[in-house]
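Undergrad: Can you read through this structure? Questions will come right after.
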Amino acid sequence: MIASTLAEAFFLDPVWGWAFGDTAHRKAQHEDWFRLLIHSALPYQWVWTTPGYEATTVWVPPGRPELNEADEALLGPLLEESLGARAELVFEVFDRFEAAHPRTQDHYYLSLLGTHTAHRGAGIGMRLLADNLVRLDALRVPAYLESTNPANLRRYESVVSLSAGRSI
């Protein structure tokens, strides 16, 4: 259910829609990829979802990898099988995200945040994010995210303003 919510949420994303360009196969490809990220994050106990899976967040704690070794080993073959030669471009995108990721201070990394398209616009995802930030505030650890969709920046800024002193 979580992978399905994320696949719906990212279907038209400017970066991940482009990366997985075949719309006929995109949802299944997204689900396979997101399943790896979710599987690696579950042991951290920082995968959150609303009761009906309308929205979900996937966090990676400080000092932990986004993908464990086993899932990392599966990623290349998965993308090569589903994307063919285009997989190389997607790995370049991954490399650019990794290069931009700040490493000077420990932080929780918001790997994924998505709201199912049937529930967009009701603030469900932002409430889930706000709840997560309250938990992080209690731990006194900063948070980091990057957005692949500029349309979401205002939403993130509004949530951060509710949680004074947070950095995202």
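Undergrad: State to the nearest 20 debye the size of the charge dipole of region 78-154 about its Cα centre, where the only charges are +1 on K and R beta carbons and -1 on D and E beta carbons. If you can, show how the numbers build up before the last one.
TA: Numbers: 8 positive and 10 negative charges, 103 e Å.
In debye, rounded to 20, region 78-154 gives about 500.
Undergrad: So what's Rg/Rh here for region 23-101, counting alpha carbon atoms and using the Kirkwood radius for Rh? It would help to have the intermediate numbers written out before the result.
TA: Working: Rg = 13.6 Å, Rh = 13.9 Å.
Ratio of gyration radius to Kirkwood radius for region 23-101: 0.98.
Undergrad: Here's something else I'd like to know. Would you pull out the residues with amide H under 5 Å of ALA143's amide H, same chain only if 5 or more places away, H placed 1.01 Å from N?
TA: Under 5 Å from the amide H of ALA143 lie the amide H atoms of TYR108, SER167, each far enough along the sequence or on another chain.
Undergrad: Check which residues have an amide H placed less than 5 Å from LEU112's amide H, if you skip close sequence neighbours.
TA: Answer set, sorted by chain and number: VAL58.
Undergrad: Putting +1 on Lys and Arg Cβ atoms and -1 on Asp and Glu Cβ atoms, find which of LEU74, TRP59, THR49 reaches farthest to the positive end of the dipole of region 43-146.
TA: Ranked along the dipole, the leading option is THR49.
Undergrad: Same structure, new question: Given bins 5 angstrom wide, list per bin the percent of all Cα-Cα distances in the chain, short to long.
TA: Spelled out per bin, shortest first, that is 1, 8, 17, 22, 22, 16, 9, 3, 1, 0.
Undergrad: For the chain, build the charge dipole from Cβ charges (+1 Lys, Arg; -1 Asp, Glu) around the Cα centre, then report which of ILE2, ALA122, HIS39 sits farthest towards its positive end.
TA: Going by the Cα projections, it comes out as ALA122.
Undergrad: Any idea what the dipole of the chain comes to, in debye rounded to 20, about its Cα centre with Lys/Arg Cβ at +1 and Asp/Glu Cβ at -1? Intermediate values should be presented prior to the final figure.
TA: Numbers: 14 positive and 21 negative charges, 155 e Å.
It comes to approximately 740 debye.
Undergrad: Follow-up. Given a 1.4 angstrom probe, what's the average accessible area per residue across region 15-145, in square angstrom?
TA: Result: 54 Å² per residue.
Undergrad: Say each of TYR53 and ALA138 gets a label point 7 Å from the Cα, pointing the same way as Cα to Cβ; how far apart are those two points in nm?
TA: Spacing of the two 7 Å Cα→Cβ label points: 2.6 nm.
Undergrad: Can I ask one more? Roughly to the nearest percent, how much of the accessible area of the chain is carbon and sulfur, given a 1.4 Å probe? List each step's numbers first, then the result.
TA: Working: 5000 of 9230 Å².
Roughly 54 percent, rounded to a whole number.
The values are calculated or read from the model by the stated rules, or taken from the named source; none is laboratory data. Model, not experiment: these values are computed from the prediction. Note: ideal-geometry Cβ built from the backbone for every residue, glycine included; neighbour counts use all protein chains shown. The protein model used for the area step is the full one, side chains on, heavy atoms only, and it has no ligands, DNA or RNA in it. Shrake-Rupley method; radii C 1.70, N 1.55, O 1.52, S 1.80 Å.
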